[in-house]
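K.L.:
Let me begin by handing over the structure; questions about it come next.
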Amino acid sequence: MDKTHSKNQYLRRGSILMLTTFALGFIMAYAFNVALSNMLGPVDYGDYKVAEAYIALGSLVVMMGGSRATASFLSKQINDGSGEGVWEYVRFYIVLSTVLSLVLLFLIYAVHHYHLSLFPEKEYHPLIIASLALPLVAMAALFGGILQLAKHLNLSFLPWRIGYPGLRLLLCGGFFLIFGSLDDFEAVALTLIAAFLIAVFCAYHTLRLGLMPLKRDKNFVKPIEWLKISTPMMMIIALQTFMRQVDIYMIEFQLDEMSVGHYAAAMTSVSVINSVQSAIYGLIIPLIIPTLESGKAAIIQMNRKAFFILLKTVIPTFCLLGLFGTQLLSVFGNDVENTYICLMTLAAGFCIYGINSASVLWLQYSGQERWLMYNLMITLGINATLNYILIPRMGIEGAAIATSLSLIISTIIVVVKLKMHLGFFPWTSPEEKGEVESA
């Protein structure tokens, strides 16, 4: 009873903190994007968004899922306060992310040097600088995962959600005011500085709280075992991220930078739904492993709570986008009418996916990582194919339709798999006949 009360109290307080953090983070990110789009102009802003998407996706790849797998390997050490082996785990993934980032840097430099261009040549300069940010963003995510497990949600999410866009706004705005101009290369370089400061902040607080004693524990070194779990998790997160970014790459390839800027405005606006989803993820992940160990009845109860928290937050967010979408888009100075249609098309898919998104967590942490990975690969293939067909015919609206349909298809498949694997739907009640009895 005490555990249930404590968990409910954590969910109530955590929900307020996380939703407030992500709401403020969205406002800060929105302010940064609006300011940057006006400082850079549509073409350079489109180029910056390509580099930003590369940082987001690349940092996931080089970390190989280590930040998400902390819940699988470090829960016991963090919860009992011993911290045994945490440094070994962090050390391994820091080295791995640094090496892989250097490999990507070399590959991009080689492509640029030998003129094997997929994008206009000048865009490789920002991507080269962006490669230096990959290990920093990855490290910040890793330390954030440890702080999250220790239920220091403020230290885990405030720096990244509010501090990162806030620092970029200050740095880019200050640079623009001092020098009178800003281009995409300079904006990416300033993003690198912001990523460094956030990584240092997260590392400092992880050490300050005693969550990562700097001592070796060679008995805990299990890189093969870690990678077997973390690599599919990396693929899941990377594929989920790429699902939201493949449009930008394909618009860049099939249309022009101005179209990328218009689409980026719609995607930036609709990302508020993803922010709500991520907030609830951050709240639930520390409870996933203990809940899975507590039996089916506890899983169903937590699953239903997560579903209704998402339902009560995602749907109002969707409605607010519908009401104020044109005003949000107008600050970007875009073709508001066409971009609004794109925004609401994207919002429909993100809404349906977001409401049912807790299903992904239960599957991910109950041994279905590879299934999720293959499912997302198929869904991504559908998305890319639809983009290839629809973008030349419908422009950015076609890209929005492709992503929205892909998200809806993915949601249906995941919900059916949850029922087949664990025996319940996202909305299943513990009191429903047969569920508790079978627990």
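The values are calculated or read from the model by the stated rules, or taken from the named source; none is laboratory data. Predicted, not measured: the structure shown is a model, and the values here were computed from it. We place every Cβ from the backbone using ideal geometry, glycine too, and count neighbours over all the protein chains shown.
K.L.:
Against the conditions (1) farther than 19 Å from Thr70 by Cα; (2) touching a Ser or Thr at 6+ places or on another chain (Cβ under 7 Å), where does Ser181 fall short? Just the number, please.
P.N.:
Unmet condition: (2).
Let's see how each residue does on (1) surrounded by fewer than 19 Cβ atoms within 10 Å (Cβ to Cβ); (2) on the phi < 0 side of the Ramachandran plot; (3) of a type in the set (A, V, I, L, M, F, W, C); (4) not in a helix (DSSP H, G or I):
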residue: Gly174; (1), (2), (3), (4): yes, yes, no, no
residue: Ile178; (1), (2), (3), (4): yes, yes, yes, no
residue: Ala199; (1), (2), (3), (4): no, yes, yes, no
residue: Thr206; (1), (2), (3), (4): no, yes, no, no
residue: Met212; (1), (2), (3), (4): no, yes, yes, yes
residue: Lys228; (1), (2), (3), (4): yes, yes, no, no
residue: Ala238; (1), (2), (3), (4): no, yes, yes, no
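K.L.:
For the list (1) more than 27 Å from Ile300 (Cβ to Cβ); (2) among the small types (Gly, Ala, Ser); (3) part of a loop (DSSP other than H, G, I, E, B), I need the number of the one condition that Ser366 fails.
P.N.:
Only one criterion is unmet by Ser366, namely (1).
K.L.:
In addition: Picking from Gly173, Gly163, which residue would you name as being closer than 29 Å to Ser259 by Cβ and at pLDDT 85 or above?
P.N.:
After applying the criteria, what remains is Gly173.
K.L.:
Looking at this structure, is Ser406 outside any helix (DSSP H, G or I), more than 16 Å from Leu361 (Cβ to Cβ) and assigned by TED's automatic domain parsing to the domain that holds Thr345?
P.N.:
no
K.L.:
Then there's this: Read through the list (1) over 13 Å from the mean Cα position of the chain (by Cα); (2) surrounded by fewer than 21 Cβ atoms within 10 Å (Cβ to Cβ); (3) in contact (Cβ under 8 Å) with a residue 40 or more places away in the chain, then give the number of the only condition that Ser294 fails.
P.N.:
Failing condition for Ser294: (3).
Conditions tested, residue by residue: (1) touching a Pro at 6+ places or on another chain (Cβ under 7 Å); (2) β-branched (Val, Ile, Thr).
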{"residue": "Tyr10", "(1), (2)": "no, no"}
{"residue": "Arg13", "(1), (2)": "no, no"}
{"residue": "Thr20", "(1), (2)": "no, yes"}
{"residue": "Leu24", "(1), (2)": "no, no"}
{"residue": "Ala31", "(1), (2)": "no, no"}
{"residue": "Ser67", "(1), (2)": "no, no"}
{"residue": "Thr70", "(1), (2)": "no, yes"}
{"residue": "Ile78", "(1), (2)": "no, yes"}
{"residue": "Trp87", "(1), (2)": "yes, no"}
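K.L.:
Any residue in region 79-87 that is within 30 Å of Cys172 (Cα to Cα) and buried (at least 24 other Cβ atoms within 10 Å of the Cβ)? First the steps, then the outcome.
P.N.:
Taking region 79-87 first, the residues within 30 Å of Cys172 (Cα to Cα) are none.
There is no residue in region 79-87 that is within 30 Å of Cys172 (Cα to Cα) and buried (at least 24 other Cβ atoms within 10 Å of the Cβ).
K.L.:
Answer yes if at least one residue in region 3-13 is in a helix (DSSP H, G or I), surrounded by 20 or more Cβ atoms within 10 Å (Cβ to Cβ) and polar (S, T, N, Q), and no otherwise.
P.N.:
The answer is no; no qualifying residue exists.
K.L.:
Quick check, is Thr206 in the same structural domain as Phe92 (by TED's automatic domain parsing), polar (S, T, N, Q) and in contact with a helix residue (DSSP H, G or I) (Cβ under 7 Å, 6 or more places away or on another chain)? Step through it out loud before you land on a result.
P.N.:
Working: in the same structural domain as Phe92 (by TED's automatic domain parsing): yes; polar (S, T, N, Q): yes; in contact with a helix residue (DSSP H, G or I) (Cβ under 7 Å, 6 or more places away or on another chain): yes.
For Thr206, the condition - in the same structural domain as Phe92 (by TED's automatic domain parsing), polar (S, T, N, Q) and in contact with a helix residue (DSSP H, G or I) (Cβ under 7 Å, 6 or more places away or on another chain) - is met.
K.L.:
Kindly indicate whether any position in region 27-47 is in contact with a Gly (Cβ under 9 Å, 6 or more places away or on another chain) and of a type in the set (Ser, Thr, Tyr).
P.N.:
The answer is yes; a qualifying residue exists.
K.L.:
When you check Ala23 against the structure, is it farther than 30 Å from Asn219 by Cα, in a helix (DSSP H, G or I), modelled with pLDDT of 85 or more and among the small types (Gly, Ala, Ser), yes or no?
P.N.:
In short, no.
K.L.:
With respect to Tyr249, is the statement that it is assigned to a helix (DSSP H, G or I) and free of Cβ contacts under 8 Å to residues at least 12 places away in the same chain true?
P.N.:
So Tyr249 fails the test.
K.L.:
Within region 110-127, take every residue that is under 15 Å from Tyr54 (Cα atoms) and assigned to a helix (DSSP H, G or I) and give me the one that is modelled with the lowest pLDDT.
P.N.:
Looking at the filtered set, the residue picked out is Glu123.
K.L.:
If you don't mind, there's one more thing I want to ask. Does Leu329 count as buried (at least 16 other Cβ atoms within 10 Å of the Cβ) and closer than 28 Å to Ile288 by Cα? Step through it out loud before you land on a result.
P.N.:
Working: buried (at least 16 other Cβ atoms within 10 Å of the Cβ): yes; closer than 28 Å to Ile288 by Cα: no.
Taking the combined requirement at face value, the residue does not satisfy it.
K.L.:
Could you tell me whether region 321-336 includes any residue that is of a type in the set (D, E, K, R) and part of a helix (DSSP H, G or I)?
P.N.:
no
K.L.:
Sticking with this one: Between a first residue in region 50-73 that is of a type outside the set (Gly, Ala, Ser) and a second residue that is part of a loop (DSSP other than H, G, I, E, B), which pairs have beta carbons less than 8 Å apart while being 6 or more apart in sequence or on different chains?
P.N.:
Correct list of pairs: Val50/Phe119.
K.L.:
A further question follows. If you take the residues in region 384-408 that are β-branched (Val, Ile, Thr) and within 20 Å of the chain's Cα centre (by Cα), which one is surrounded by the fewest Cβ atoms within 10 Å (Cβ to Cβ)?
P.N.:
Across region 384-408, the extreme among qualifying residues is Ile408.
K.L.:
Restricting attention to region 37-49, and to residues there that are surrounded by fewer than 23 Cβ atoms within 10 Å (Cβ to Cβ) and either aliphatic (A, V, I, L, M) or on the phi > 0 side of the Ramachandran plot (or both), which single residue is modelled with the highest pLDDT?
P.N.:
It comes out as Met39.
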